[in-house]
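Visitor: Sending over a structure as structure tokens; questions will come in a sec.
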């Protein structure tokens, strides 16, 4: 059953899967360059790095196009290539390991509870009802993802979408394997809170009846 | 187990199977704690929405390749094809 929240993007228009970009590389660039650039820039923050990653991705895609099976859109396929290049970029940066707390701190999860570990009144989760099914939920979720540090957002998404293992994520963020779980806990808590504030806000979705189960 | 610890367990349950004891504690707690029940169902809603997102929805709109870089990349692609 198609979910109502699934949003069709431009990249999902049907494309001729047999169109080899080698025939018209300019078209390839025109079709995908900006989208790939936006994606990369949001994650690596530096324009020159993002440009290089876009170039490598398009070149790589061009060279390996015979391996593209058409089981996804070309855009999706290219973004997958780009994501792996971004991951390699994170790995290659030689720097001291970053403390997870510096990326996303413990207050993300702890500030919502009293000393004894009970939910603080103002932080107590509200009922979302069918909010999760609605198209606006996806937009609100995107805005909330943008509030996270980009490296955390990317690492979190890659895990949730089963694109990366926990081991790869720990390398990507320079954190221990254990801290991958802590990162996810914090990311989920931060997103949930943001969504509740942004999505429910003043809306009439607030419900006083208790949820079943 | 406190609600704070319970949210930790709820998050963990989304990444790996819980031990029998952990599953039991979670079930016991969420029977009576509506807040944690809502928390768990909300995390599930988020995950479903994230998994429905196509990769290109997870980027920043509005950023374009500068024209000089675009030209450089176009040249590189032409040389390679």
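Bear in mind these aren't lab numbers, they're just calculated from the coordinates by the rules spelled out. Here the structure is a predicted model, which is why all the values come from computation and not from measurement. Because the Cβ atoms are built from the backbone with ideal geometry, glycine has one as well, and the counts that use them run over all protein chains shown.
Visitor: Between the helical axis of B:34-52 and the dominant principal axis of chain B, each derived from Cα atoms, what acute angle in degrees is found, rounded to the nearest 10?
Guide: Around 20 degrees separate the two axes.
Visitor: Against the longest alpha carbon principal axis of chain B, how many degrees, from 0 to 90 and to the nearest 10, is the axis of helix B:20-32 turned?
Guide: For helix B:20-32, the angle is close to 80 degrees.
Visitor: When a footprinting reagent is the concern and you count Cβ atoms within 10 Å, what order do B:39, A:39 take, fewest first? All intermediate terms of the calculation are to be shown ahead of the outcome.
Guide: Details: B:39 24, A:39 28.
The order, fewest Cβ neighbours first, is B:39, A:39.
Visitor: What average count of beta carbons from other chains do you get within 10 Å of the Cβ of residues in A:117-130? If you can, show how the numbers build up before the last one.
Guide: On the way: counts 7, 5, 10, 1, 0, 0, 2, 6, 12, 3, 5, 5, 0, 1.
Neighbouring Cβ atoms belonging to other protein chains average 4 per residue here.
Visitor: Here's another thing I want to ask about it. Test of understanding: ordering A:137, A:37 by Cβ neighbours within 10 Å, fewest first, what list do you get? Don't skip to the answer; put the middle values down first.
Guide: Numbers: A:137 22, A:37 27.
Result, fewest neighbours first: A:137, A:37.
Visitor: Just want the ordering: A:64, B:30, from fewest to most Cβ atoms lying within 10 Å of their own Cβ.
Guide: Details: A:64 11, B:30 19.
Exposure proxy ranking, most exposed first: A:64, B:30.
Visitor: How large is the helix-only mean residue ellipticity at 222 nm for chain B, computed as the sum of -39500 (n - 2.57) over DSSP H runs with n ≥ 4, divided by its residue count, in deg cm²/dmol to the nearest 500?
Guide: Values: 4 runs with 57 residues, N = 81.
Counting only the DSSP helices, I get -23000 deg cm²/dmol.
Visitor: Using only atoms on other chains, find how many Cβ atoms lie within 10 Å of each Cβ of peptide A:169-180 and report the average. Don't skip to the end; give the middle numbers.
Guide: On the way: counts 0, 0, 0, 0, 0, 0, 0, 0, 0, 0, 0, 1.
Mean shielding by partner chains, rounded to a whole number: 0.
Visitor: For the ranges A:121-130, A:145-154, B:19-28, what's the packing order if you count other beta-carbon atoms within 10 Å of each residue, average per peptide, and put the highest first? Before the final figure, lay out the partial values.
Guide: On the way: A:121-130: 15.0, A:145-154: 19.0, B:19-28: 11.9.
Result, highest mean Cβ count within 10 Å first: A:145-154, A:121-130, B:19-28.
Visitor: Determine the distance separating the Cα centre of region A:112-127 from the Cα centre of region A:129-183; give it in Å without decimals.
Guide: Comparing the Cα centres of region A:112-127 and region A:129-183, I get a distance of 23 Å.
Visitor: Mind checking the mean number of beta-carbon atoms from other chains within 10 Å of the Cβ atoms in A:193-199? Walk me through the numbers before you get to the answer.
Guide: Values: counts 1, 0, 4, 2, 0, 0, 0.
Whole-number average of other-chain Cβ neighbours for A:193-199 is 1.
Visitor: Using only Cα atoms and rounding to the nearest 10 degrees, what angle (0 to 90) does helix B:3-13 make with the longest principal axis of chain B?
Guide: 60 degrees
Visitor: How high is the relative contact order of region A:43-128? Use alpha-carbon pairs under 8 Å, at least six apart in sequence, and give a whole percent.
Guide: On the way: 24 pairs, mean separation 19.4, N = 86.
Across region A:43-128, relative contact order equals 23 percent.
Visitor: Classify chain B as rounded, prolate or oblate from the Cα gyration tensor: take a ≥ b ≥ c as the square roots of its eigenvalues, call it rounded if a/c is under 1.5, otherwise prolate when a/b beats b/c and oblate if not.
Guide: Working: a/c = 4.90, a/b = 3.42, b/c = 1.43.
Taking the square roots of the gyration eigenvalues as a ≥ b ≥ c, chain B is prolate.
Visitor: Principal axis extents for region A:100-185, Cα atoms only, whole Å, descending order, please.
Guide: Result for region A:100-185: principal-axis Cα extents of 37, 37, 18 Å.
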